[in-house]
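Here is the structure we will look at, set down as structure tokens.
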Amino acid sequence: MYRIIGIAGEEIYQASEGITQSIEDLEEMAAQLSQAAEHMSHLDQYLDQILPKLMDFGIRLLLALLCFFIGQKVIRLVRKIVRRSMERANADLGVIQFLDSLVKALLYMILALIIVSKFGVDTTSVIALAGSAGLTIGLALQGSLSNFAGGVLILLLRPFRVGDYIIQGNLEGTVSEIQMFYTRLLTVDNRMVVIPNGNLANNSLVNVTAQDKRQMDLNVGISYRSDLRAAKNLLYTMIEEEPRVMAEEAKMVVVSELADSAVMLKIRFWVLPSDYWPVYWEMMERIKLVFDANDIEIPYNQLDVTIRQQ
């Protein structure tokens with residue numbers, strides 16, 4: 001009997017311990033749930049605070065993107081209107097290109113200010129900041145500013161225009177575009193050359209096509225044994241028969257020098273600038289062929305070698 005009672009008491013004690021442990025587990029779970037609820041409450045408060053800001057930022061971002069795309073269309077339209085109005089006024093192509101690039105830069109700056117204002121930034125402070133930083137930027141970009149000033153001088157003084165063939169130092173080509181800071185040339189072998197406007201405005205250059213005609217001087221030497229009069233008549237006949245030679249301009253074939261081993265003849269006539277090099281190359285070839293056919297000797301340097309034997 002006592003044994004049974006002891007066993008039952010032990011079981012009751014173990015059961016009470018299990019109940020106590022379960023109660024403690026439940027209390028711990030309740031505390032964790034309370035902490036989770038508190039965290040959820042803080043999260044709700046944070047979301048309540050941040051969601052309006054996120055929605056406001058999203059709306060501003062959408063408006064900024066909308067302004068950007070609409071602004072791009074407006075800028076293209078304004079540039080097209082400006083170009084057409086200047087073309088109707090028969091403005092120079094270089095002036096049109098320069099002002100087009102200038103208008104493009106200014107309009108994109110205005111568009112950037114409009115977009116910045118959509119995010120609540122005070123544009124007056126931005127402009128004031130840009131003005132205060134202007135001196136520093138100007139000192140850092142002295143080369144670019146001089147190139148801009150050079151472009152303005154080129155448009156005002158017009159030493160060349162779009163389509164002219166110019167030579168500046170060891171660079172030469174046809175002017176294809178005059179931008180705010182640079183001028184682009186196309187070489188005869190279709191290479192693009194970019195020259196800063198400051199270099200073109202502050203250095204000497206040659207405008208080959210500025211005039212509507214160009215004088216060609218050819219020099220050829222004949223032997224002292226050849227018939228001088230016959231050679232002059234042949235050269236003059238070649239000039240008269242060349243259709244690209246300007247007939248209304250003066251033409252002449254004269255003796256320019258009595259050199260050590262040749263009588264030097266100068267051939268002078270006028271052609272259009274676009275015909276200069278084709279006529280030059282063809283005339284040089286024809287002179288050689290005509291002189292060979294008429295026994296007119298063109299002297300060349302010769303070397304006599306003497307071999308001595310002992």
When segment 254-310 is reduced to its Cα atoms, the Kirkwood hydrodynamic radius in Å: 14.6 Å
Translational diffusion coefficient (Stokes-Einstein; Kirkwood radius from C-alpha pairs) of segment 187-235 at 25 °C, 0.890 mPa s, in µm²/s: 155 µm²/s
Probe 1.4 Å, accessible area per residue of segment 71-116, Å²: 62 Å²
For segment 197-265, radius of gyration divided by Kirkwood radius, i.e. Rg to Rh on alpha-carbons: 1.17
Largest-first ordering by accessible area, 1.4 Å probe, given options L156, L228: L156, L228
Relative contact order of segment 159-260, defined on C-alpha pairs under 8 angstrom at six or more residues apart (%): 18 percent
Kirkwood hydrodynamic radius (C-alpha pairs) into Stokes-Einstein, segment 191-310, 4 °C and 1.567 mPa s, D in µm²/s: 75 µm²/s
Solvent-accessible area, 1.4 Å probe, carbon plus sulfur percent, for segment 192-308: 50 percent
Listed residues Y224, Y108 arranged by accessible area, highest first, probe 1.4 Å: Y224, Y108
Within segment 207-300, trypsin sites (Lys or Arg not before Pro) in DSSP loop having at most 12 other beta-carbon neighbours inside 10 Å: R225
Segment 65-117: C-alpha gyration tensor shape, a/c 1.5 cut-off, then a/b vs b/c: prolate
Of all accessible heavy-atom area on segment 65-106, the percent that carbon and sulfur account for (1.4 Å): 66 percent
Using a Förster distance of 41 Å, the FRET efficiency for Y236-A91 (Cβ separation, nearest 0.05): 0.35
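The values are calculated or read from the model by the stated rules, or taken from the named source; none is laboratory data. Remember, predicted model here, so these are calculated numbers, not experimental data. Here Cβ is always computed from backbone atoms with ideal geometry, including for glycine, and neighbour counts include all displayed protein chains. SASA here: full protein model, heavy atoms, side chains in, ligands and nucleic acids out. Shrake-Rupley method; radii C 1.70, N 1.55, O 1.52, S 1.80 Å.
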